[in-house]
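What follows draws every value from the coordinates through simple rules; no lab data is involved. On a predicted model such as this, the values are computed, not experimentally measured, just so you know. A quick note on method: Cβ atoms are made from the backbone with ideal geometry, for glycine too, and the neighbour counts reach across all protein chains shown.
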Amino acid sequence: MQRAKSTLPRVYVTRKIPPEGLKILSQSGEVQYELWDSDNPVPRQELLKRVRGVDGLVCVLTEKIDAEVLDAAGPNLKVLSTMSVGFDHLSLDELKKRGIRVGYTPDVLTDAVAELTVALLLTTSRRLVEATHEAKTGGWGTWRTLWLCGYELANSTVGILGLGRIGIAIAERLMPFKVKKFIYTDVAPRPELASQIQAEYVSMEELAKQKLFSQMKNTAIFINTSRGGVVNQEDLYEALSTGQIAAAGLDVTTPEPLPTNHPLFTLKNCVILPHIASASYTTRNAMSALAANNLLAGLRGEPMPKELKL
Ligand code: DGY
């Protein structure tokens, strides 16, 4: 906890964010902040107590910022800065109603997330987790002609659900693997973005009408690095266990953490990561720094480097 002049705006930081952001807050001399100095989430009751009367709040994606937290904070709260690009943990209506400005951290994590998505795609398509397990546990008898065969990215079709910065970055990384075709779906066609990767639009309506997994080829691989809520996990389990699709790679699940006895963990063709897509030192520090700069700009009444339009 940093102590500073009592006239400075008070800020609560709900987690030990990476050092770049804390350095910016400390060196600014513009705020006095209190930190939940832990790698684990702040308990809800503690959060409700600590936010009382603050002018600014820095949070991460595990904190649900809803009417209860905002009421507990009270009318001084002017700025919320989340160290995440996702904002499904924020009640945007409640924030808007109270005139609280919101900062978030797009762009700085695009490379890290795209990289991890490609890694997850290669891991599942070439069955790397199964293969290392076999090598380590004695399953590697001799070289066999079709043992542990997977699917190549060369000549494949890659579909992107939600074409944004990250989708484009993934496609750019996949191009050298000789992918044959990119298709995408979104709330509306995004021709300017799509032209960067020569992707063809498939309407969301068309997609929603169909049961996605049952329409996929049995060689299809499903990757999710967005949010667990975009997929029905029971349907996914069914599709993977019956061979309706070949494999899945998930960096996000519902809930998080996914209980270790969850059926998806029993499947060899499902690789589950603990929400690490943005987890590189460079990116997490950049997110931390951006979150700090958003907060400071917001408290000064200036445009934030990355402000969410409410
Ligand atoms: C985000 O920022 O929303 C990611 O899910 C974690 O970096």
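For the reader, a short list of remarks on this structure follows.
- A cut-off of 5 Å between modelled amide H atoms, ignoring neighbours fewer than 5 places along the same chain, links S84 with T105.
- Mean separation of Cα pairs under 8 Å and 6 or more residues apart, divided by the residue count, gives the range 58-204 a relative contact order of 17 percent.
- Sparsely packed chymotrypsin sites (Phe, Trp or Tyr not before Pro) within the range 63-155, loop by DSSP, other Cβ within 10 Å at most 10: W143
- Converting phi to 3J(HN,Hα) with the Karplus coefficients 6.51, -1.76 and 1.60 and the offset θ = phi - 60°, the range 270-277 yields 10, 9, 10, 10, x, 6, 10, 4 Hz in sequence order, with x at every glycine or proline.
- Annotation: Cα Rg of the chain relative to the compact-globule expectation 2.2 N^0.38 Å equals 1.13.
- Listed by chain and number, the aspartates and glutamates whose alpha-carbon sits under 19 Å from that of K78, ignoring those within fewer than 8 places in the same chain, are E30, E34, D55, E63, D66, E68, D93, E94, E302, E307.
- The chain: relative contact order as a whole-number percent, Cα under 8 Å and 6+ apart: 21
- Approximate spin-label separation W143-K49, in nm, with each point projected 7 Å along Cα-to-Cβ: 6.5
- Separation of the alpha carbons by more than 28 angstrom is noted, of K23/K97; K181/K309; K16/K49; K181/K211; K49/K96, for K23/K97; K181/K309.
- Filtered trypsin sites (Lys or Arg not before Pro), the range 225-295: DSSP coil and at most 14 other beta carbons within 10 Å: K268
- Database remark: amide H of I160 closer than 5 angstrom to the amide H of I183, Y184, T185 (H placed geometrically; neighbours at sequence offset of 5 or more, or on other chains; Pro and chain starts carry no H).
- Size-normalised alpha-carbon gyration radius of the range 102-190, reference 2.2 N^0.38 Å: 1.39
- Diffusion coefficient, µm² s⁻¹, Stokes-Einstein with Kirkwood Rh over alpha-carbon pairs of the range 82-125 at 20 °C and 1.002 mPa s: 170
- Counting all C-alpha pairs of the range 1-65, share separated by more than 15 Å (%): 47
- In the range 1-109, the inverse of the mean reciprocal separation of distinct Cα atoms equals 14.0 Å; this is its Kirkwood hydrodynamic radius.
- Per-residue Karplus couplings for the range 302-310, computed as 6.51 cos²θ - 1.76 cosθ + 1.60 with θ equal to phi - 60°, are listed in order as 9, x, 7, x, 9, 10, 7, 7, 8 Hz, Gly and Pro entered as x.
- The fraction of all Cα pairs in the range 110-272 landing in successive 10 Å bins from 0 to the largest distance is 10, 37, 38, 13, 3, 0, given as whole percents.
- Karplus-derived HN-Hα couplings along the range 36-53 (A = 6.51, B = -1.76, C = 1.60, θ = phi - 60°), whole Hz, x at Gly and Pro: 7, 7, 8, 8, 9, x, 5, x, 3, 5, 5, 4, 4, 6, 6, 7, 3, x
- Excluding same-chain neighbours fewer than eight residues apart, the aspartates and glutamates reachable from K306 by a Cα-Cα span under 15 Å are D107.
- Here K136 is the anchor, and the lysines within straight C-alpha reach of less than 29 Å, apart from those fewer than 8 places off in the same chain, are K268.
- Label separation (R300 vs A72): 3.1 nm, computed from points 7 Å beyond Cα along the C-beta direction.
- Convex hull volume of the C-alpha atoms in the range 232-302, normalised per residue: 130 Å³.
- Kyte-Doolittle mean at least 0.0 and Cα axial length at least 27 Å: DSSP H helices in the chain: 281-300
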